[in-house]
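Before any comments, here is the structure.
The values are calculated or read from the model by the stated rules, or taken from the named source; none is laboratory data. Fair warning: this is a prediction, and the values are worked out from it, not measured in the lab. Cβ placement follows ideal geometry from the backbone for every residue including glycine, while neighbour counts extend to all protein chains displayed.
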Amino acid sequence: MIDGVSLGVGLGLALLGGLLIALAGRRWGLCPLQHGPALEAGQRVELTTAGKRYTTFLQGVDSETLRFAPPLERGLPVSFEAGTFAQLRLTTPAGVFEATIRFTGRQTTPAPSLCACVVGRWQHTERRRHERILLPDEVHVRICYGGEQWISWAHDVSAGGLRLIAPVPAPVNTQVRLELPAALRGLTDSNEERTARVVACDRAPTRHGYAYQLRLAFTDE
C-alpha cells in the first residue's frame, strides 16, 4: 500500500512538473525566437500599429527581448506604451518574415530603445526571386536623378536590385541611374552603370543619424 507521505510527495512533484511545463510553454509561446529568422543588430524593420507604418532598425536581442531604435514621425522620435501590439516585418536574404510583437517598455542606456516581445510564431510571407546578399561594410554607390548626384551606400544587393541608404529621398517609381563600384559589379554580374526604379522610400535611422532607405529594382536587365 502507498502511505500518505509517499502519496503527498508524488502529488507535489506532479503539480510542480505541470507548473514548470505550463510556465515554459507560456514563455516559448510569447517569444519563440527559435522559430524565426536570424536576428542581428542593425537590421532594418517595419513596424505597423494603429494603421501607421514606421521604419526603424533592430538595436539588439537580449534573451527574448527585441530592442528597436525609436522610429521617427515628422522628425520626432515615436514611443509606444507597454502592452501595445504591432506587426513586425523583416526582410532577410531568405525572404520576408512577419510576426506580431508586444511592446514591453523602454530603455535609455546604452541608447534610447523600445523593448518588445514576439507573440506567437514568425510567418515566412515571401520568398525572394533572387538571393539577396547583406553587405557588412559600407559600399558607396553614386545615385543620379533629376540632374543631381549623391553618394549613398548599399545595405544589401541581389541580381534584381539593391537597397541603398541615401542622404536625400526619391519619389516612388522614379527612374535613377547608378554607378556601381567593382565590389557590387561582381555580385550583380553587371556593368558599372545601371538604371533602376524606386520601389520604396522611407525615412530610416542609421548609425550616422537619420537618412533615407531606397529600395531599387533594376530596369535594364
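For the range 104-133, give me each residue that is modelled with pLDDT under 70 and in a strand (DSSP E or B).
Listed by number, the list holds a single entry, 126.
Hey, does the range 186-193 have a residue that's modelled with pLDDT of 80 or more and in a strand (DSSP E or B)?
Among the residues of the range 186-193, at least one is modelled with pLDDT of 80 or more and in a strand (DSSP E or B), which makes the answer yes.
Any chance you could count how many residues in the range 203-221 are assigned to a strand (DSSP E or B) and at pLDDT below 80?
So the count comes out to 5.
Check off (1) more than 25 Å from residue 156 (Cβ to Cβ); (2) of a type in the set (Lys, Arg); (3) out of contact with any Phe, Trp or Tyr (no Cβ under 6 Å at 6 or more places or on another chain) for residue 67 and give me the number that stays unchecked.
(1) is the only condition that residue 67 fails.
Note down all Cβ pairs under 8 Å where the first residue falls in the range 162-185 and is on the phi > 0 side of the Ramachandran plot and in a loop (DSSP other than H, G, I, E, B), the second is aliphatic (A, V, I, L, M) and surrounded by 13 or more Cβ atoms within 10 Å (Cβ to Cβ), and they're at least six residues apart or on different chains.
From residues that are on the phi > 0 side of the Ramachandran plot and in a loop (DSSP other than H, G, I, E, B), the pairs are 173/198.
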